[in-house]
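The values are calculated or read from the model by the stated rules, or taken from the named source; none is laboratory data. Everything numeric in this text was worked out from a predicted model, so none of it was measured. Cβ placement follows ideal geometry from the backbone for every residue including glycine, while neighbour counts extend to all protein chains displayed.
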Amino acid sequence: MAIKTTYRNFLKNIAVGMLTAMFFYCCTPKGGNTNTVNFAEVAQGVGKEVVVKYTDSGRLVAVMKTPVFKDYTHVDFPYREFPKGVELIIFDKNGGESNVKADYGIQYEKTNLVDLSGNVKIITADSIRVNAPQLYWDQKLHWLYTDNDYNAVLKNGAKNKGAGFDVNEDFTNFKSRINVGTQILND
């Protein structure tokens with residue numbers, strides 16, 4: 001009788017072991033993927049209607065506004081993302097304002113570079129309008145630039161199309177790499 005009970009327990013243990021193995025096999029994701037969270041893909045902070053002010057020697061030089069702000073400064077190459085667009089207002093030394101708007105922005109902490117992309121529109125303090133698909137703002141060098149095509153309309157109505165430009169923050173030193181346009185000249 002003891003042998004029958006041991007044999008019966010042995011068969012029950014095998015059956016339970018097989019069911020357990022089948023359960024874990026069936027519940028494991030296919031393709032070797034596991035249900036883990038990669039914290040580098042999760043923002044450590046999220047803000048709504050954020051306004052960031054930049055100063056230099058006590059003078060307000062720029063204001064950045066965004067409807068959504070995501071902070072990824074906990075990753076190896078830290079950055080801040082503006083997935084719903086960003087507006088950048090740059091103040092020159094004479095009190096003039098230049099306005100830059102883009103559909104998306106990302107600010108890299110280690111390089112002090114802001115990458116603005118998607119329908120970038122610039123209106124300078126002296127009414128020059130520039131459109132480009134992408135624009136970089138180097139916060140350390142106080143410089144903006146792009147390697148992409150752009151369209152510009154000067155305050156006198158002259159039009160310019162070009163490929164790539166560099167400009168200082170107050171838009172007084174504009175350097176176009178390649179351009180063509182219609183210029184209006186006064187006699």
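List the number of the failed condition for Lys84; all other conditions in (1) in a strand (DSSP E or B); (2) among the charged types (D, E, K, R); (3) within 16 Å of Val52 (Cβ to Cβ) hold.
(1)
Using the structure shown, decide if Val63 is of a type outside the set (S, T, N, Q), closer than 21 Å to Gly45 by Cβ, over 13 Å from the mean Cα position of the chain (by Cα) and at pLDDT 90 or above.
Numbers: of a type outside the set (S, T, N, Q): yes; closer than 21 Å to Gly45 by Cβ: yes; over 13 Å from the mean Cα position of the chain (by Cα): yes; at pLDDT 90 or above: yes.
Against the criterion (of a type outside the set (S, T, N, Q), closer than 21 Å to Gly45 by Cβ, over 13 Å from the mean Cα position of the chain (by Cα) and at pLDDT 90 or above), Val63 qualifies.
It is to be established whether one or more residues within the stretch 147-166 are at pLDDT below 90 and under 17 Å from Lys53 (Cα atoms).
Looking through the stretch 147-166, none of the residues is at pLDDT below 90 and under 17 Å from Lys53 (Cα atoms).
Quick test of your reading of the structure: Asp115 fulfils all but one of (1) farther than 17 Å from Phe171 by Cα; (2) surrounded by 14 or more Cβ atoms within 10 Å (Cβ to Cβ); (3) touching an Asp or Glu at 6+ places or on another chain (Cβ under 7 Å); (4) of a type outside the set (Gly, Ala, Ser). Name the failing condition by number.
Condition not satisfied by Asp115: (3).
If we scan the stretch 147-166, do we find a residue that is within 19 Å of Lys65 (Cα to Cα) and assigned by TED's automatic domain parsing to the domain that holds Val50?
No, the conditions are met nowhere in the stretch 147-166.
For the stretch 56-84, give me each residue that is touching an Asp or Glu at 6+ places or on another chain (Cβ under 9 Å) and either outside the structural domain of Tyr104 (by TED's automatic domain parsing) or closer than 20 Å to Trp143 by Cβ (or both).
Selection gives Val61, Ala62, Val63, Met64, Tyr79, Arg80.
In the stretch 106-119, what residues are of a type outside the set (Ser, Thr, Tyr), assigned to a strand (DSSP E or B) and either farther than 15 Å from Lys84 by Cβ or touching a Ser or Thr at 6+ places or on another chain (Cβ under 7 Å) (or both)? Walk me through it before giving the result.
From the stretch 106-119, those of a type outside the set (Ser, Thr, Tyr) are 106-107, 109-110, 112-116, 118-119; that's our starting set.
Narrowing the set further to residues that are assigned to a strand (DSSP E or B) leaves 106-107, 113-116, 118-119.
Passing the criteria: Leu113, Val114, Asp115.
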